[in-house]
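Since every read-out is calculated from the coordinates, none of them should be taken as a lab result. Because the structure is predicted, anything quoted here is derived from the model rather than measured. Please note: Cβ atoms are built from the backbone with ideal geometry, for glycine as well, and neighbour counts cover all protein chains shown.
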Amino acid sequence: MASPKIVDLEAANYDAAVKSSNKLVLVDFWASWCGPCRALAPVLDQIAEEQSETVQICKVSLDSDANLPLAQNLGVSSIPALFLYKNGAVVDKMVGAPPNAKKQIGDLIKKHV
């Protein structure tokens, strides 16, 4: 079950969401048919619950054709693809779902707090 603290984004509201936040924004580009994306989902739910004061977790579904140009413009070539924003700019990226994803994502966040 997805955390209520995770925000679903689409191309239309993407820029406003990542640029207006006063905390870090971690955006997950994913698709329902992607096994590693589904494996990463519960990890992101946990991080959203545990670190909601530090980071806003957002998801962009690539099941929607409307979001494909956004992913292409950002250079997403593999999913899951995580983009970490600080003050509206990309400060880090991570591709894939490693076995120790929670630690790796946590370290990524800590590096930019």
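Summary table below
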| quantity | calculated |
| --- | --- |
| Which listed residue, of 71, 41, 48, is touching a Leu at 6+ places or on another chain (Cβ under 7 Å), part of a helix (DSSP H, G or I), among the aliphatic types (A, V, I, L, M) and under 21 Å from residue 2 (Cβ atoms) | 71 |
| Options 62, 82; residue that is buried (at least 20 other Cβ atoms within 10 Å of the Cβ), touching a Lys or Arg at 6+ places or on another chain (Cβ under 7 Å) and not basic (Lys, Arg) | 82 |
| So residue 5, is it basic (Lys, Arg), farther than 16 Å from residue 110 by Cα, in contact with a helix residue (DSSP H, G or I) (Cβ under 9 Å, 6 or more places away or on another chain) and surrounded by fewer than 20 Cβ atoms within 10 Å (Cβ to Cβ) | yes |
| One residue from 31, 39 being aliphatic (A, V, I, L, M), in contact with an Asp or Glu (Cβ under 6 Å, 6 or more places away or on another chain) and closer than 16 Å to residue 96 by Cα | 31 |
